[in-house]
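Asks: Please read through the structure below; I'll follow up with questions.
Since every read-out is calculated from the coordinates, none of them should be taken as a lab result. Please read all numbers here as calculations on a predicted model, not as lab measurements. Here the Cβ is made from the backbone with ideal geometry for all residues, glycine too, and neighbour counts use every protein chain on show.
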Amino acid sequence: MLAQIFTNLGVLARGSDRVEDAKRSYEEAIALFEVLVRDGPENVKYRLGLSRASYNLGSLFIIHLNNIRESKKYLEKARALYQGLVDDTRPSARIVPTCQSVWPDRVRLPVSSVAG
């Protein structure tokens, strides 16, 4: 997915000290993920992608650009998005089966959730 590619490019640019390239990549990723989330708000992957890109840009602003105001804006956005994922994640959400396949010995559904 193109939005995730831009996030990954941002990570690579940041790791290579190309801060402006990282910033542009994260901004592009956020713009693309926002469209995806708007069109498919139930899609956990899109929401998680938007959360990650927002967090990455927020941390870039504080660590590399010393811009507290912009950092706070994106980090608060990321926090709200992550909180929404936590609030919305139920056994029927796609994130639970994914976690169960990766960590089958760590992710357990409550008995009442399986029955309902």
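Asks: Can you sort Ser25, Ser71, Ser16, Ser51 by how many other beta carbons sit within 10 Å, fewest first? If you can, show how the numbers build up before the last one.
Replies: Working: Ser25 25, Ser71 18, Ser16 10, Ser51 21.
Arranged by neighbour count, lowest to highest, Ser25, Ser71, Ser16, Ser51 become Ser16, Ser71, Ser51, Ser25.
Asks: If you don't mind, another one. Would you order Leu12, Leu60 from fewest to most other beta-carbon atoms within 10 Å of each residue's own beta-carbon?
Replies: Listed from fewest to most nearby Cβ atoms, that is Leu12, Leu60.
Asks: What nm value, rounded to one decimal, do you get for the distance between Leu65 and Glu27 when each label is placed 7 Å out toward the C-beta?
Replies: The answer from the label model is 0.7 nm.
Asks: Between Glu20 and Lys73, what's the calculated FRET efficiency when r is the beta-carbon distance and R0 is 25 Å? Round to 0.05. Write out the running numbers ahead of the final one.
Replies: Working: r = 18 Å, r/R0 = 0.73.
Using R0 = 25 Å, I get an efficiency of 0.85.
Asks: Now a separate question. Cut-off under 23 Å on the C-alpha distance; same-chain residues fewer than 8 positions from Lys45 excluded. Which lysines are left, in chain and number order?
Replies: Filter leaves Lys23, Lys73, Lys77.
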